[in-house]
Amino acid sequence: CASKGKEVLYIALEAEDREIERRLKYRLIINQAYENGFGGEVKDASYKDWYRGNLQRLNDRFEEKIESIFASKYHGLSTFYRLEDFGIGDLKKKMMAVKDTCDLVILDHLHYIDIGQGDSENKAFKDIVKTIRDLALSTCVPIVIVAHLRKKERGRKTLIPSLDDFHGTSDVVKIATKAIVF
């Protein structure tokens, strides 16, 4: 969405500082490498290779262009990185701060929202998802939530997980306005 001119807030509770921006820049560098005849140098490359500095020659060659493309293409992207505890009250504050300017909020990830001491995990996540749904409906800003799936059971016959595979509680998919598994 941000590359289409929309205002997007990415709440990265699981990522390290600036990771989202680095991953987007990595993709841009790889694209530039292919467009400029350096595809052979990156055909087996990964984000980890780039992050570790193994593609520095390409980085140096395309850095100025990538910065310009990134600033233009992702000018609507705002990111928030978790530095300390982040509870549902913090999410409410973030949503209220961006409700008039934001087109989409991505919350990565549900299971990194802190719950209170002694709370039942199932009840806490049910309350969190209810609050997120209420925030999305009251602010008219869609919220995409990333959540874990349960570990694959041995002997499972299907490759594609179902809605029942959401980790923590089945209430996540019951309360959400739409749930997608991939």
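Restricting to region 43-62, name every residue that is acidic (Asp, Glu) and more than 24 Å from the chain's Cα centre (by Cα). Those that are acidic (Asp, Glu) and more than 24 Å from the chain's Cα centre (by Cα): 44, 60. Just so you know, in region 95-111 the residues that are modelled with pLDDT of 90 or more and not aliphatic (A, V, I, L, M) include one that is farthest from residue 4 (Cα to Cα), and it is 108.
Scan region 65-72 and tell me whether some residue there is among the aromatic types (Phe, Trp, Tyr) and under 17 Å from the mean Cα position of the chain (by Cα). Within region 65-72, none of the residues are among the aromatic types (Phe, Trp, Tyr) and under 17 Å from the mean Cα position of the chain (by Cα).
Apart from one condition, residue 61 fits all of (1) in a helix (DSSP H, G or I); (2) over 27 Å from residue 25 (Cβ atoms); the exception is (2). Of the residues making up region 86-94, not a single one is farther than 18 Å from residue 146 by Cβ, of a type in the set (A, V, I, L, M) and over 15 Å from the mean Cα position of the chain (by Cα).
Among residues of region 64-77 being among the hydrophobic types (A, V, I, L, M, F, W, C) and assigned to a helix (DSSP H, G or I), the one that is surrounded by the most Cβ atoms within 10 Å (Cβ to Cβ) is 66. Within region 137-158, the set of residues being on the phi < 0 side of the Ramachandran plot and at pLDDT 80 or above comprises 137, 138, 139, 141, 142, 143, 144, 145, 146.
It is to be established whether one or more residues within region 87-108 are open to solvent by 40 Å² or more (accessible area, probe 1.4 Å) and in a strand (DSSP E or B). There is no residue in region 87-108 that is open to solvent by 40 Å² or more (accessible area, probe 1.4 Å) and in a strand (DSSP E or B). Among residues of region 2-37 being outside any helix (DSSP H, G or I) and open to solvent by 90 Å² or more (accessible area, probe 1.4 Å), the one that is nearest to residue 103 (Cα to Cα) is 6. Scoring residue 80 on the criteria (1) within 20 Å of residue 17 (Cβ to Cβ); (2) without any contact (Cβ under 8 Å) to a residue 40 or more places away in the chain; (3) open to solvent by less than 80 Å² (accessible area, probe 1.4 Å); (4) not in a loop (DSSP other than H, G, I, E, B) leaves a single failure, condition (2).
Yes or no: region 19-30 includes at least one residue that is under 16 Å from the mean Cα position of the chain (by Cα) and under 30 Å from residue 127 (Cα atoms). There is at least one residue in region 19-30 that is under 16 Å from the mean Cα position of the chain (by Cα) and under 30 Å from residue 127 (Cα atoms). List pairs: first in region 113-141 and part of a loop (DSSP other than H, G, I, E, B), second of a type in the set (Phe, Trp, Tyr) and surrounded by 14 or more Cβ atoms within 10 Å (Cβ to Cβ), Cβ under 8 Å, 6+ apart or cross-chain? Close Cβ pairs (under 8 Å, with a partner that is of a type in the set (Phe, Trp, Tyr) and surrounded by 14 or more Cβ atoms within 10 Å (Cβ to Cβ)) amount to 113/86; 114/86; 115/125. Number of residues in region 38-55 that are assigned to a helix (DSSP H, G or I) and surrounded by 11 or more Cβ atoms within 10 Å (Cβ to Cβ): the value is 7.
The values are calculated or read from the model by the stated rules, or taken from the named source; none is laboratory data. As the structure is a prediction and not an experimental result, all values here were calculated from the model. Note: ideal-geometry Cβ built from the backbone for every residue, glycine included; neighbour counts use all protein chains shown. Keep in mind that these areas ignore ligands, DNA and RNA; they rest on the heavy atoms of the full protein, side chains included. Shrake-Rupley method; radii C 1.70, N 1.55, O 1.52, S 1.80 Å.
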